[in-house]
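The values are calculated or read from the model by the stated rules, or taken from the named source; none is laboratory data. Given the structure is predicted, the values throughout are model-derived calculations rather than measurements. Note: ideal-geometry Cβ built from the backbone for every residue, glycine included; neighbour counts use all protein chains shown. Note: areas computed on protein heavy atoms with side chains; ligands, DNA, RNA excluded. Shrake-Rupley method; radii C 1.70, N 1.55, O 1.52, S 1.80 Å.
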Amino acid sequence: MKYPIVIHKDTNSDYGVTIPDLPGCFSAGSTIEEAINMAQEAAECHIEGMLIDSEPIPTPSEIEVHMDNSDFKDGIWALVQVDISKLSLKSKRINITMPERLIRTVDQYAKKYGSTRSGLLSQAVTEYMASHQ
């Protein structure tokens, strides 16, 4: 999932980062690149805590949803990728049945985007459930 972030900088300070779709999740960095990297790490840690606490994971919004918020005026917008399937939750092997054509399509898509069948299916299910709460 790609979460929008807003980067802001006050005089004589590091770059601060807010992740609007994850209330209470903030980060910072001495450069814009470091701020983005630290924001991704902060988002992953924040979501991992939510998963441990069995809290629902917010679905990322489009950047445009947040742009009119005066708190984010003059901010620099970017996206951070959070792969929920890679967070440290205990995995369990399961057996499911799917049409062969769909399995081939899933495998091709996963390979194209640097994932695995399990990772893609885990992420798809998580995003589906988050958007249907």
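Pairs of Lys residues in the chain are counted when their Cα atoms are under 18 angstrom apart and they lie 8 or more places apart or on different chains; the count is 5. Element breakdown for segment 1-61 at a 1.4 angstrom probe: carbon and sulfur atoms account for 50% of the accessible area.
How large is the dipole of segment 1-93 about the Cα centre if only Lys and Arg carry +1 and Asp and Glu carry -1, each at its Cβ, rounded to the nearest 20 debye?
Values: 7 positive and 16 negative charges, 103 e Å.
Dipole of segment 1-93, to the nearest 20 debye: 500 debye.
With R₀ set to 25 Å, the beta-carbon distance separating ASP83 from ILE52 gives a calculated FRET efficiency near 0.90. Along segment 3-10 the Karplus relation, 6.51 cos²θ - 1.76 cosθ + 1.60 evaluated at θ = phi - 60°, assigns HN-Hα couplings of 9, x, 10, 10, 9, 9, 9, 9 Hz to successive residues, with x for each Gly and Pro. Taking every alpha carbon pair in segment 34-96, what does the distance histogram look like in 5 angstrom bins from 0, in percent? Per 5 Å bin, starting at zero, the Cα-Cα P(r) for segment 34-96 comes out as 3, 13, 20, 20, 19, 12, 6, 3, 2, 1 percent.
Normalised by 2.2 N^0.38 Å, where N counts its residues, the alpha-carbon radius of gyration of segment 11-51 equals 1.16. Using bins of 10 Å that start at zero, the share of Cα-Cα pairs per bin across the chain amounts to 11, 36, 31, 16, 5, 1, in whole %. Between helix 100-112 and the chain there is an angle of about 30 degrees, using the helix long axis and the longest principal axis of the Cα atoms. Based on protein heavy atoms only, the chain ends up with 70 Å² per residue of surface accessible to a 1.4 Å probe.
For segment 77-116, how big is the tail of P(r) above 11 Å, as a whole percent of Cα pairs? Don't skip to the end; give the middle numbers.
Numbers: 587 of 780 pairs.
I get 75 percent for the Cα pairs in segment 77-116 exceeding 11 Å.
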